[in-house]
Amino acid sequence: MKTRISRTFFAMRMMLTVVTASLVLSNCAPAPATPVATTAIEAPQAAIYQEAPMLAEQAGAGTLPPVDQRLPQNPMLIQPEARVGNYGGVWRMAMVKLDTNLLNRTMGYESLVRWDKGWTKVIPNVAQSYEVSPDARTFTFKLRQGMKWSDGQPFTTDDIVFWYEAVFLNDELNSSSVDKPGGTLLYSWMLVGKDKLTVEKVDDYTVVFRFAEPQGLFLYHMAGLGWVYPNNFPSHYLKQFHQAYNPNVDQLVTQAGVKDWAELFIARMQPTNPALPTLYAWTLEPESFQADGTPAPVIKAVRNPYYWKIDTEFNQLPYIDRLEIKVVETGEDILPLVLAGLVDMQDRNIPAAAALPENQAQGGYRLYTMTSSFSNYMVISFNQTNTDLIKREIFRNQDFRIGLSYAINRPAIIKAAGLDVKPIQVAPLPGTPFYNEQMATQYLEYDVTLANEYLDRAGYSQRDADRFRLGPDGRRISFTMLAPQPIPIGNYDVHVAQIQADWQAVGVEMKIETVSRADVEARSNSNDFDVTFFIGAGGLDAILDPRHYVPTDVIFSQQGPLWAKWYNNPQDPQAEEPPAPVMETITLYRQILQTTNPQQQNELMSQILKIAAEQFQVIGIHEVPVSYGVIKPSFHNVPPFMFSSSNYPQPAPTNPCQYFIDPQPE
């Protein structure tokens, strides 16, 4: 089913983008140039805390300590969106297969720091406060005294030091040969200069991160989406699976039937392990996942009795008792659940047809609006570090990429998809400080003549009997595009089919292989693909997520995964030194990471974008349309508007712990 999104709504989105982008970029991209000491709002220590009836019953029976003994001395105080809520209820959602990002965005966003709701500044979270040295080399975090893991064990700086010593510094866990999602337990922003970070325990509740060079974006990266945060490693649980702490770990390896201790450790610290103690508002129930990480038909989570946040009336959060997430096979399977009223509140993978008025009436829900930070609805990336040297030569030919861009009938795609958007390349959005008109508008026209001219100029004018072009080896140019499922927004079937036909019309054969998103990520990490696509990053947040402009991310800088490995670690045996223009963008971006001057950061980013525009590494299709979330009338404290981004992992910054369910409308 298609739905046409009106230009009025799109204009509203762009207006919001222009207004908010300056706030986002001016406040999140530059690091503070002066010392910053930020303290969370604290409840009076003499406050009389209230708790959920289900927990009060357990405390009364003696199976749980009293609520004031479960909370830290300084719990984080959360201002409810509309009003103080009431306890109880089940929050129903749906996910396509195993989507750990949905879990992270609803119950797992608990780093030392986080974004505020308006995406204007980083605020304390797990940390009660933080302080940054004037040179941005030293970051001191004060933890909440008396804070506990979900199993009641103390959370202290020992857990963060364990992450540093047992994980961050451990090459076995971070080897690219280890079988794990993403290929590493460290994010790219952690890997650069890895040997120059020390983490020091001052006392049980004070920990210091010291860098050899200024870290202009450290706090902002720490506030992004992820699950391998330094504070997500309960040492009392994970030490048993680590070779350095348990001399008998081989017995556990044998029992688990895995290859070695590293594989065992990684399996046990996954967010899909219900036995893993967490700091989350809800914790997984044991039957939600099998031992191999396979999800049950319905994933269930229950409130964490030791959760460390309260509302303005000193009620322990969360309000909602349980989460139930139905696992489905495809994104199309979510719409029937929405129409049947079986999704209470969700925006991830919600089909556009859910916005139709008749569907809203049928499902008994309304919408909330999201402004996307994404740069493009669909970014096509040719793997220029392909192991097939012939394909590598073809994909690195800029005239080849330009020719294929001209060959795409973007107006036909937009019409068939039922959208009201404009063609655009991958670039920061208009109205942002980094908007680059050349980058955003070049090679957009649907022009078969120009497409053929560029493909001929690339050196591929010879054709076979079926009119397909021949490559430098005299064989037909043919490659496979990985089509990942699901992608958080949209249905890309129309796009892929039209692009396949358009490229065939100019003599280039593209086959399509539909695979899971997890498979695409694994194959990106192993450099085992020709071409793929994903939604485009770096629209509002180019400095924070430059993956298409600089190969920083092994998984999502799909124009050159081996270049990204080199960016992260030049000594990685799989890493490949990039060509000179790409190397220049890496050099400039590393300078951004090591400066705290906002003006210098912006100037350096503008230079990167100029190079990226000239190189034309990836192909974009069109703007991202307005997107929506669905919400039932009984579901409360969800703001009517939020951002949509991997750096602002909606809805997490709006504090799902303060959502509540009440049959009475607001």
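Selection of segment 91-105 for residues being closer than 17 Å to Val638 by Cα and modelled with pLDDT under 95 yields Leu102, Arg105. Mind listing just one residue for me: the one in segment 355-388 that is touching a Gly at 6+ places or on another chain (Cβ under 6 Å), of a type outside the set (Ser, Thr, Tyr) and farther than 23 Å from Leu225 by Cβ and, of those, surrounded by the most Cβ atoms within 10 Å (Cβ to Cβ)? The extreme case among them is Gln384. Listed here are the strands (runs of 3 or more DSSP E) enclosed by segment 60-144 that have at least 3 residues being over 21 Å from Val302 (Cα atoms): 113-115, 122-124, 127-132, 138-143. In this structure, does Pro336 turn out to be on the phi < 0 side of the Ramachandran plot, over 21 Å from the mean Cα position of the chain (by Cα) and in a loop (DSSP other than H, G, I, E, B)? In short, no.
If I go through segment 629-653 residue by residue, how many of them are within 21 Å of the chain's Cα centre (by Cα), surrounded by 20 or more Cβ atoms within 10 Å (Cβ to Cβ) and not aliphatic (A, V, I, L, M)? Result for segment 629-653: 11. Picking from Tyr454, Tyr549, which residue would you name as being touching a residue at least 40 places away in the same chain (Cβ under 8 Å), part of a helix (DSSP H, G or I) and either of a type in the set (Ser, Thr, Tyr) or not assigned by TED's automatic domain parsing to the domain that holds Phe395 (or both)? Unique residue meeting the criteria: Tyr454. The set of residues in segment 401-422 that are in a loop (DSSP other than H, G, I, E, B) and at pLDDT 95 or above comprises Ile408, Asn409, Lys422. Comparison of Lys326, Lys309 shows that the only residue that is basic (Lys, Arg) and within 27 Å of Ala82 (Cβ to Cβ) is Lys309.
So for segment 582-599 (the condition being under 24 Å from Leu444 (Cβ atoms) and either among the small types (Gly, Ala, Ser) or in a loop (DSSP other than H, G, I, E, B) (or both)), does at least one residue qualify?
No: zero hits.
Can you spot a residue in segment 614-634 that is at pLDDT 90 or above, farther than 30 Å from Leu112 by Cβ and assigned to a helix (DSSP H, G or I)? Scanning segment 614-634 turns up at least one residue that is at pLDDT 90 or above, farther than 30 Å from Leu112 by Cβ and assigned to a helix (DSSP H, G or I). Residue selection: Asp466 satisfies the criterion of being assigned to a loop (DSSP other than H, G, I, E, B) and over 36 Å from the mean Cα position of the chain (by Cα).
Reported count of residues in segment 221-262, each being touching a His at 6+ places or on another chain (Cβ under 9 Å) and either part of a loop (DSSP other than H, G, I, E, B) or of a type in the set (D, E, K, R) (or both), is 0. Reported count of residues in segment 316-362, each being polar (S, T, N, Q) and under 20 Å from Pro663 (Cα atoms), is 3.
Elements of the type strands (runs of 3 or more DSSP E) sitting completely within segment 470-537 and holding at least 2 residues that are among the aromatic types (Phe, Trp, Tyr): these cover 531-536. Residues that are of a type in the set (A, V, I, L, M, F, W, C) and under 21 Å from Pro277 (Cα atoms) within segment 224-259 comprise Leu225, Trp227, Val228, Phe233, Leu238, Phe241, Ala244, Val249, Leu252, Val253, Ala256, listed in sequence order.
The values are calculated or read from the model by the stated rules, or taken from the named source; none is laboratory data. Note that the structure is predicted; figures quoted are calculated from it, not measured. Because the Cβ atoms are built from the backbone with ideal geometry, glycine has one as well, and the counts that use them run over all protein chains shown.
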